[in-house]
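The next block holds one structure in the form of C-alpha cells; read it before the comments.
Values quoted throughout were computed directly from the atomic coordinates according to the rules given, and no laboratory measurement underlies them. The structure displayed is predicted, hence computed values, not measured ones. So basically every Cβ, Gly included, is an ideal-geometry build from the backbone, and we count neighbours across all protein chains shown.
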Amino acid sequence: MQIPYDIVIIGAGPAGLSFACSMIGTDVKVLVVEKSNLESISNPQADGREIALTHLSLRILKKLGVWDLVDHAQVSPLKEAKVFDGNSPSLLNFKSEDSSIEVLGYLAPNYQVRKALYQRVEQADNIIVMTEAMVDNVEYHKTYSDVFFADGSVVKTKLVIAADSRFSNIRRKVGIPSLMKDFSKVMVVTKMEHENSHNNIALECFDYGQTLALLPMVGNASSVVLTVSTDKSQAILDMSEVDFNAKITQDFKGGLGQMTQSGERHSYPLVGVHAQTFIADRFALIGDAAVGMHPVTAHGFNLGLRGQDILATLIKEAVSHGQDIGSKSLLKLFEKKHIHLTRLMFFGTNGIVALFTNDAPVMKQVRRFVLKFAEHFPPVKYLISNHLTEAKQNKFPPF
Ligand SMILES: Cc1cc2nc3c(=O)[nH]c(=O)nc-3n(C[C@H](O)[C@H](O)[C@H](O)COP(=O)(O)OP(=O)(O)OC[C@H]3O[C@@H](n4cnc5c(N)ncnc54)[C@H](O)[C@@H]3O)c2cc1C
C-alpha cells in the first residue's frame, strides 16, 4: 500500500512549522495542513506578542537555520527582570550578571519568528504546506493512520503530529483528555514609546486588581502587557489613546516618563491547558496542543520548541536505523522526555498566578514572604533564573 506522507502535521503555527523545519535535510516526507490562508502564515502581521526566547530556544532556532532569517534589528536583549508586589517594598530581581550569563534571554516579535519559520520551510523540497485545508479527524490502523479532511478527502501517513492550538479539536477527537484552566482574565498588549530608557529591564508588577508587565523592545519602546479580569477588559480596549497613555504612565509611576501608545491594542483571553498524555497510536501532540501556558512565565513557545526538538531527534534516530517513526516505543520515549517538565512548568506557573493575583490579606502576606525569601536566598534565585532562562552553558556568544 502506498503511504504518501511519512508525517502529517496539523497546524502551521510556530510549533508545527518548527517541527517541519526540524525535518529539513532528511528524506522524511512531510505534509503540513493549515486551515487559514497562505498570506496569514507566509506574511503574518504584528500581533502585539513579544516572545521572550530562552537560551535553549535560541540554540534550537539557530540549529534549524531560522534565527538568521529573523530581523535582528527588532530583537532586544533582556538583561534584568524585576518582580514587584503591589505597593509593598518586596521585590525580586533577576540580573544576568548574577547568574554568570550575559543576558537572561531575547525578546523577538512573534510575527517575525513566524515569518522566519515559514521562509525556512518554504525552502525545503521534502515539505508541502497545504493551506485553507482543515483536518477533521484521524483514524488509526496498524501500520498507518488516515487523516480525514473537512472536504471529504483522506490522506495516509505513518505519523500524525497535532499542533492545532490549545483548543485542539483533534486532541479531543483522538480521545486525549486535558486539564483546562480558565483564568477569567484578559491580556491587553500593545507597543508603547517612552521618554526614559528601560535599560533592557523587564518589569512585572502584581498590582492589586491588575497585573502590569513591561517587556523592553529596541530603543525607547516596550511591549506593555496589562492583565485584567474579563469584565474590565472591554473598557481598557475602548479607552481613548489619551486616557490609555495617562493610565499606563501613571501605573508605572512615571518611571519611564511620558508613555505613548504606538502599536495596536490586542487582547488575549487567558486559558491554560495541559493534555493528560502527549501521545496516542501513531499520534503525538506538540506546542500549545500539548501544553498551553499562562504567558506570565513566557514559556509557551519555548516549551513548544523544546518538545518538537525532542520528538524530531527521536524520529531522525529511528530513520537512521530504518525503524518505524510511528512506533509506540518512540512515542513513549518522547512523552517521557517532555511531559515531566511541562507539568512542572504548567502547575508551577498556575500556582504563581494564583498566589500573585489573589488579593486576600493573608495571600498578600504570603507573597511578600515568598518574594523576600527568594530575593535573599541566592540558591533559590539562581534555580528560578536558570530554569526560566534555560541557560545551561556559562557563556553565550551574542547572536
Ligand atoms: C500575549 C502572549 C504573549 C506570549 N508570550 C510568550 C513568550 O514570551 N514566550 C513564549 O515562549 N511564549 C509566549 N506566548 C505563547 C506562544 O505565543 C504560543 O505558545 C505559541 O504561539 C503556540 O504555537 P502553536 O503553534 O502551538 O499554536 P497556534 O499558534 O495556536 O497555532 C495553531 C495553528 O493550527 C491551525 N489549526 C487549528 N486547527 C486546525 C485544523 N483542524 N486543521 C488545520 N489547521 C488547524 C490554526 O489555524 C493555527 O495556525 C505568548 C502568548 C500570548 C497570548
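Hey, in the GNM for the chain with a 10 angstrom Cα cutoff, which one of VAL273, VAL154, VAL70 fluctuates hardest? Checking each option, the largest mean-square fluctuation is seen for VAL154. Each other residue within a Cβ distance under 11 Å of MET134 adds +1 if Lys or Arg and -1 if Asp or Glu, for a net charge of -4. Mean separation of Cα pairs under 8 Å and 6 or more residues apart, divided by the residue count, gives the chain a relative contact order of 21 percent.
Sequence-ordered 3J(HN,Hα) estimates for region 199-206 from the Karplus curve with 6.51, -1.76 and 1.60 and θ = phi - 60° stand at 6, 6, 10, 8, 10, 10, 10, 8 Hz, glycine and proline given as x. Karplus-derived 3J(HN,Hα) values for region 141-155, using 6.51 cos²θ - 1.76 cosθ + 1.60 with θ = phi - 60°, are 10, 4, 9, 7, 10, 9, 10, 9, 9, 4, 7, x, 6, 9, 10 Hz; glycine and proline are entered as x. Regarding region 106-215, what's the average projected area of the Cα-atom convex hull, expressed in nm²? Mean projected area for region 106-215: 11.7 nm², to one decimal. Rounded to the nearest 500, the 222 nm mean residue ellipticity of the chain from helices alone is -11000 deg cm²/dmol, with -39,500 (n - 2.57) taken per DSSP H run of at least 4 residues. Among ILE279, ILE352, ILE201, the largest mean-square fluctuation in a Gaussian network model of the chain, built with springs joining Cα atoms closer than 10 Å, belongs to ILE352.
Here the 3J(HN,Hα) profile of region 237-250, calculated from phi with Karplus coefficients 6.51, -1.76 and 1.60 at θ = phi - 60°, is 5, 7, 4, 5, 4, 4, 5, 5, 4, 5, 4, 5, 4, 6 Hz, Gly and Pro shown as x.
For the pair ALA246 and ALA360, label points projected 7 Å from Cα toward Cβ lie 3.7 nm apart. Counting every alpha-carbon pair across region 249-295, the share separated by more than 12 Å comes to 74%. Working from the Cα coordinates of the chain, the gyration tensor eigenvalues give, after taking √(5λ), semi-axes of 38, 22, 21 Å in decreasing order. How charged is the neighbourhood of VAL271? Take every other residue with its Cβ under 11 Å from the Cβ of VAL271, and add Lys/Arg as +1 and Asp/Glu as -1. Its environment carries a net charge of +1. Taking amide H positions as modeled 1.01 Å from N, with prolines and chain starts lacking one, the residues under 5 Å from LYS185 and 5 or more places away or on another chain are THR230, LEU270. With each label modelled as a point 7 angstrom along the Cα→C-beta vector, the GLN2-TYR140 pair spans 2.7 nm. Footprinting exposure proxy ranking of LYS364, LYS62, LYS247, fewest other C-beta atoms within 10 angstrom first, gives LYS62, LYS247, LYS364. Listed from fewest to most Cβ neighbours within 10 Å, the set LEU215, LEU237 follows the order LEU237, LEU215. Using the average count of surrounding beta-carbon atoms within 10 Å as a protection proxy, the listed peptides 5-16, 253-264, 185-196 rank, highest first, as 5-16, 185-196, 253-264. Placing a label point 7 Å from the Cα of ASN110 along the Cα-to-Cβ direction, the residues of region 281-299 whose backbone N falls under 17 Å of that point are 287-299.
For the chain, the longest principal axis of the C-alpha atoms and the axis of helix 361-376 are separated by about 80°. One way to sum up the overall shape of region 5-70 is the equivalent ellipsoid from its Cα gyration tensor, whose semi-axes run 21, 18, 9 Å, largest first. Taking the Cα centre of each part, how many Å lie between region 126-143 and region 204-273? Each part's Cα centre sits 40 Å from the other's.
With R₀ fixed at 35 Å, the C-beta to C-beta distance from SER36 to HIS72 puts the FRET efficiency at about 0.80. When ASP68, ASP164 are arranged by Cβ crowding within 10 Å, least crowded first, meaning fewest neighbours, the order is ASP68, ASP164. From the alpha carbon centroid of region 33-58 to that of region 159-189 is 18 Å. Modelled spin labels at SER320 and THR26, positioned 7 Å past Cα toward Cβ, are 1.1 nm from each other.
Take every DSSP beta bridge whose two residues both sit in the chain; close to 70 percent of them are antiparallel. Mind checking which aspartates and glutamates have their C-alpha under 17 Å from LYS82, skipping anything on the same chain fewer than 8 residues away? Within the straight-line cut-off, LYS82 pairs with GLU97, ASP98, GLU102, GLU204, ASP207, ASP251, GLU375.
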